[in-house]
Amino acid sequence: MIDEIERAAREAGAILLEAASTGIRVSKKENHELVTTADLMSEEFLKKRLSEIEPSAGFLGEESWNGECPNPPFWVVDPLDGTNNYAHGYPVFAVSIAFWNGSSIEAGCIYDPSRNESFSAVIGQGAKLNDSAISTTDTDRLSGCILATGFPYHRKSDDLGVNLEILKYFLGRVQGIRRGGSAALDLAYVAAGRLDGFWEEHLKPWDIAAGALIVREAGGEISSFSGEEWDIFSKGIVASGKSIHPEIRNGINQTG
């Protein structure tokens, strides 16, 4: 299955690159969130393509979500994670696909078409970047970390929707903080050891389902933003190498 998932992700990525080269239409969802014709094209393609891989599975996609989840098993798909980046020509975006069996994520892939990088995992079989095994970092000191986070689309001038005290806590203790604009790629980078950790509060299943599996299979640890065991319906995530996870959680718990 994972080979077929990766192939589908690469095909969707090609659709995104082609659309970017020929011109896209951009519209606004709400607040600061955009949607493009490429989002819709990619999702329509993946809905059909993934049904060929597993005909009995439902489909949970960002652009067609109606507020309800299908009965498992189902695909969890972000056809274009990092739409605002994509719409501005900023090359940090990805296709994210996960297969949820009702109790766990069995397989997942995050494909970055700009760099031709495919991050993938099958439960119990480790994680890969293209054909090479990957693993999270083993640092246990915040002073040696580069962390990443994200900001919600529903922010307003008088209510940013994010706890800046957490940001301030880590800014004073780590080597650097990054905000790439794609939660899927942030998680993939944690899995590959490019980032030591990632936290974000307001996320949806399609943002993090594949990434959560890939981080775990790369030897990392994940928890919900509030500290409970993470599941597909958690509204946020904390992901990192296992050694540093308690320190990151401590910082969030102190200031959250």
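The values are calculated or read from the model by the stated rules, or taken from the named source; none is laboratory data. Remember, predicted model here, so these are calculated numbers, not experimental data. Please note: Cβ atoms are built from the backbone with ideal geometry, for glycine as well, and neighbour counts cover all protein chains shown.
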Requested in this report: Report whether or not Gly256 is at negative phi, modelled with pLDDT under 95 and not aliphatic (A, V, I, L, M).
Outcome: yes
Query raised in the report: If you go through region 62-72 one residue at a time, do you hit one that is farther than 19 Å from His202 by Cβ and either in a strand (DSSP E or B) or in the same structural domain as Ala209 (by TED's automatic domain parsing) (or both)?
Result: no
Report task. Find the strands (runs of 3 or more DSSP E) located wholly in region 176-243 whose residues include 3 or more that are touching a residue at least 40 places away in the same chain (Cβ under 8 Å), and list them. Result -> 197-200, 237-241
Requested in this report: Would you please name the residue that is surrounded by the most Cβ atoms within 10 Å (Cβ to Cβ), looking only at residues in region 59-68 that are of a type outside the set (Phe, Trp, Tyr) and free of Cβ contacts under 8 Å to residues at least 60 places away in the same chain?
Outcome: Glu63
Query - Scope region 103-119; condition more than 15 Å from Asp78 (Cα to Cα) and part of a loop (DSSP other than H, G, I, E, B); matching residues - result: Ser103, Ser104, Ser114, Arg115, Asn116
Query - Options Ser182, Ser223; residue that is within 14 Å of Lys242 (Cα to Cα) and not assigned by TED's automatic domain parsing to the domain that holds Ser114 - result: Ser223
Query raised in the report: Within region 129-143, is even one residue surrounded by 15 or more Cβ atoms within 10 Å (Cβ to Cβ), at pLDDT 95 or above, under 14 Å from the mean Cα position of the chain (by Cα) and not aliphatic (A, V, I, L, M)?
Result: no
